[in-house]
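Have a look at the structure below, then the notes.
The values are calculated or read from the model by the stated rules, or taken from the named source; none is laboratory data. Because the structure is a prediction, the values reported are computed rather than measured. Methodologically, a virtual Cβ is constructed for each residue, glycine included, from the backbone with ideal geometry; neighbour enumeration extends over all protein chains shown. Areas reflect the complete protein model, heavy atoms only, side chains present, ligands, DNA and RNA absent. Shrake-Rupley method; radii C 1.70, N 1.55, O 1.52, S 1.80 Å.
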Amino acid sequence: MSDHNAAVTRPARRKSLFIPRSISLTCGLIVLAIVVVVALFPGIFTHYDPTLTDPMSMLKAPSAAHWFGTDNYGRDIFARVIYGTRIDILIGVGCVIVPFIFGSLMGLFAGYYGGKVDAVIMRILDVFMAFPFLVMVIAIVAILGSGIRNMLIAMWVVGWKEYARLVRSEVLVARQSEYVQAAKTMGYSELRVILRHIMPNVISSAIIYGASDIVMCMGTAASLSYLGIGVKPPTPEWGAIINEGKAFIQTAWWITVIPGAVLAFVGWGFSMLGDGLSDLLRADGQ
Amino acid sequence: MDALLHIEDLTVAFDLKYRITDALARRERKKLIAVDEVDLDLMPGDTLGLVGESGCGKTSLARAIMGLYRPSEGRIVLGGTDRTKLSGSEFRRSCGDIQMVFQDPYSSLNPRMTVRQMLKEELVKHRMCGKSEIPGRIRDILEMVGLSEEHADRYPSSFSGGQRQRICIARALALNPKIIVADEPVSALDVSIQAQILNLFVELQKKLNLTILFISHDLQVVRYISSHVAVMYLGRIMEYGEAEEIFRHPRHPYTRILLEAAPRMDVPVNPDEVREIIHGELPSPMNLPTGCRFHPRCPCATELCAKEEPLFDRSASHRCACHYPIMEDPDDGQR
């Protein structure tokens, strides 16, 4: 019986998530925390109104009064960036959550059933793969009309394909494994086998991709706003702020550069989060 | 006595990939026949050892019995009902009667479920007991396989190979099955652990009056655990009988060669001894030899063997599919 006391002293569960396991995960969580607090309580960071115009202080350079300067309507850029956080995060998360769920389910079914189900799902996916992402989004927004809601719908329609591909490839491996065979011999329904036994083992790469996809969606949203088909003015959204500043890039660089830097910083944070999560989730499966 | 599990003419065939180039060349659609018209009976309380080389269809047979592969022909009668004819929900309900222990304990446990979650899911889904009895039942099952309750809340990654195989056995036993199909359950384990797991099988078999289909390529293991033995070659059963009878008086040349080929621990190696060794490679199951499928490698093969497939006497207690079975064993008593 020597074999079965050997492992008794090993820890049964993994340690808490809050003990920093890696630098990237810690960085990611810090950025996420900042972003969440700013998005929830923008009022405590600035007393300026993000949409209030002030003709007396147009195109002011960054100073003690206006940390990020002001734009051509005299609006405080810092306040606009702070209030824009909520919208950008909602867009980023909202763009990812629906494709994540739908795409993963499609990947699960395609990979598990194979054959005709797989062929149909993958051919539909090929159609979406054939179009460049941004071109497809712009086309859909052009049809539906601009605005946050239509932008989200457009991103949902084109965003699921990566999740389906990722999950499907993992399911193809997992469905051959003996624990899935075992679950079938237990007499569980196919849906139970797919969702309870396969899904938890294949979803980690989709979660990791999702964390970095939030960044890409925020970038896409900013691009759409920049192109003038995303968020309508005067709503403070980072891409829209950058877009408004482009006419003044030579005289008032801060309108474009500073919100751009904020976008890049948050993007870096989510990338770190995805990186850290991948270490955590992959190690957990061992 | 009626057989608990009655397998009749069971054939498992896989369609091979048929490419467009094959269609253009007008090639025939090929099939890989993994299990070919197998008849087997499992009596209650028996431990049937199924032996054969790798690739002979042992695992395919086990998976067909479990319903993981759909047999192309034949019947699998378990307790009076043909499993191949059951509808989806009927089949799922009948799964509790026959359970499987897989070969690789490292891949046969879901890495994201604790032992308790795994056992609880089974008990709840098959309504084995009331909600309040579940913790007690889980404790009993774990103790039965030599584990304790403290192991219940762990993930498979914190167990060793032997412990994992115990968990796999616990998972199979939780549904009170009548039959356990064990597909090479010890071949992935260290030799020192193998004996423990084998003894556990023997002990559980006695205690719970289980019927076991034990698949292995290791003859020592099979001899130790089995009451009956079936020898499989290229999808067919070549010889079937009581274990000791088969090991002492093998009738089929293939069985004899298989026994000769196994290294023995109890006799010192004699370099002068002429051993019959098997020649050639295992023929492809896609392209079976004519007549007796063992004839290209058989030392006693004649023209008859190449032409006619030997028949299997289904009623005899010691059956052998050979035109020239070895009736008198000159080495009688040695083995």
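Note on the stretch B:68-218: with charges restricted to the Cβ of Lys and Arg (+1) and Asp and Glu (-1), its dipole about the Cα centre is near 600 debye.
In the protein assembly as shown, taking the dipole from charged Cβ atoms about the Cα centre, the farthest positive-side position among A:Thr26, B:Thr255, B:Tyr69 is held by A:Thr26.
Distance from the Cα centroid of the stretch B:32-75 to that of the stretch A:142-168 is 49 Å (rounded to whole angstrom).
Sparsely packed loop sites in the stretch B:133-224 (the GluC sites (Glu not before Pro) outside DSSP H, G, I, E and B with at most 15 other Cβ atoms within 10 Å) do not occur. Of the residues A:Tyr188, A:Tyr48, A:Tyr73, the one with the largest accessible area comes first in the ranking A:Tyr73, A:Tyr48, A:Tyr188, computed with a 1.4 Å probe on protein heavy atoms. Sequence neighbours fewer than 8 away in the same chain don't count; with that in mind, list the lysines whose C-alpha is under 24 Å from B:Lys307. Cα-Cα hits under 24 Å: B:Lys30, B:Lys31. Here the calculated FRET efficiency for A:Ala65 and A:Val93, from their Cβ-Cβ distance with R0 = 25 Å, stands at 0.15, rounded to the nearest 0.05. Would you mind checking A:Lys116/A:Lys161; A:Lys161/B:Lys125; B:Lys17/B:Lys85; B:Lys85/B:Lys206 for any pair whose Cα atoms are more than 25 angstrom apart? Violating the 25 Å limit, Cα to Cα: A:Lys161/B:Lys125; B:Lys17/B:Lys85; B:Lys85/B:Lys206. For A:Lys60, the lysines whose Cα comes closer than 16 Å to its Cα, not counting residues fewer than 8 places off in the same chain, are A:Lys246. For chain B, a Gaussian network of Cα nodes joined below 10 Å ranks B:Leu48, B:Leu219, B:Leu61 by mean-square fluctuation, and the top entry is B:Leu219. Find, among the trypsin sites (Lys or Arg not before Pro) in the stretch B:119-218, those assigned to loop by DSSP (not H, G, I, E, B) with at most 15 other beta-carbon atoms within 10 angstrom. Hits after loop and neighbour filter: B:Arg127. Only protein heavy atoms count here; on that basis, with a 1.4 Å probe, A:Ile138 has an accessible area of about 60 Å².
May I ask you to derive the FRET efficiency for A:Ala33 and B:Met128 from their Cβ-Cβ distance with R0 = 35 Å, giving the value to the nearest 0.05? Intermediate results must be reported in sequence, preceding the final value.
On the way: r = 46 Å, r/R0 = 1.32.
Efficiency for this residue pair is about 0.15.
Applying a 4.7 Å Cβ-Cβ cutoff to chain A, the cysteines left without a disulfide-compatible partner are A:Cys27. Here the 3J(HN,Hα) profile of the stretch B:285-295, calculated from phi with Karplus coefficients 6.51, -1.76 and 1.60 at θ = phi - 60°, is x, 7, 9, 6, x, 6, x, 5, 6, 9, 4 Hz, Gly and Pro shown as x. The share of Cα pairs per 5 Å bin across the stretch A:201-278, counted from zero up to the longest distance, runs 4, 16, 20, 19, 15, 11, 8, 5, 2, 1, 0 percent. Toward the positive end of the charge dipole of the protein assembly as shown, about the Cα centre and with charges on Cβ (Lys, Arg +1; Asp, Glu -1), which of A:Trp253, B:Met128, A:Ala39 goes farthest? So the residue we want is A:Trp253. Is the C-alpha gyration tensor of chain A telling us rounded, prolate or oblate? Criteria: a/c under 1.5 is rounded; beyond that, a/b larger than b/c is prolate, otherwise oblate. It is oblate, given that a/c is not under 1.5 and a/b is not larger than b/c. Projected label points at A:Ala142 and B:Asn287, each 7 Å from Cα along the beta carbon direction, are separated by 5.8 nanometres. Springs join every pair of Cα atoms under 10 Å in this Gaussian network model of chain B, and among B:Glu239, B:Glu184, B:Glu281 the largest mean-square fluctuation is at B:Glu281. Between the listed residues B:Val202, B:Gly235, B:Val191, the Cα displaced farthest toward the positive end of the dipole of the stretch B:179-270, a dipole computed from Cβ unit charges relative to the Cα centre, is found at B:Gly235. Inter-label distance, B:Lys307 to A:Asp49: 10.7 nm, where each label sits 7 Å from its Cα along the C-beta direction. Amide H contacts for B:Gly49 (H built 1.01 Å from N in the peptide plane; partners 5 or more residues away or on another chain; cut-off under 5 Å): B:Phe214, B:Ser227, B:His228, B:Val229, B:Ala230. Of all the options B:Leu24, B:Leu258, B:Leu16, the one that moves most in a Gaussian network model of chain B with Cα springs shorter than 10 angstrom is B:Leu24. Peptide B:101-111 shows a mean partner chain C-beta count of 5 within 10 Å per residue C-beta. Put a plus charge on the Cβ of each Lys and Arg, a minus charge on the Cβ of each Asp and Glu, and nothing anywhere else: the dipole of chain B about its Cα centre is then about 1720 debye.
Using θ = phi - 60° in the Karplus curve 6.51 cos²θ - 1.76 cosθ + 1.60, the 3J(HN,Hα) couplings for the stretch A:69-79 round to x, 10, 9, 5, 9, x, 7, 6, 5, 4, 4 Hz; x is entered for Gly and Pro.
Around the Cα centre of the stretch B:2-96, unit charges on the Cβ atoms of Lys, Arg, Asp and Glu (plus for the first two, minus for the last two) sum to a dipole of about 780 debye.
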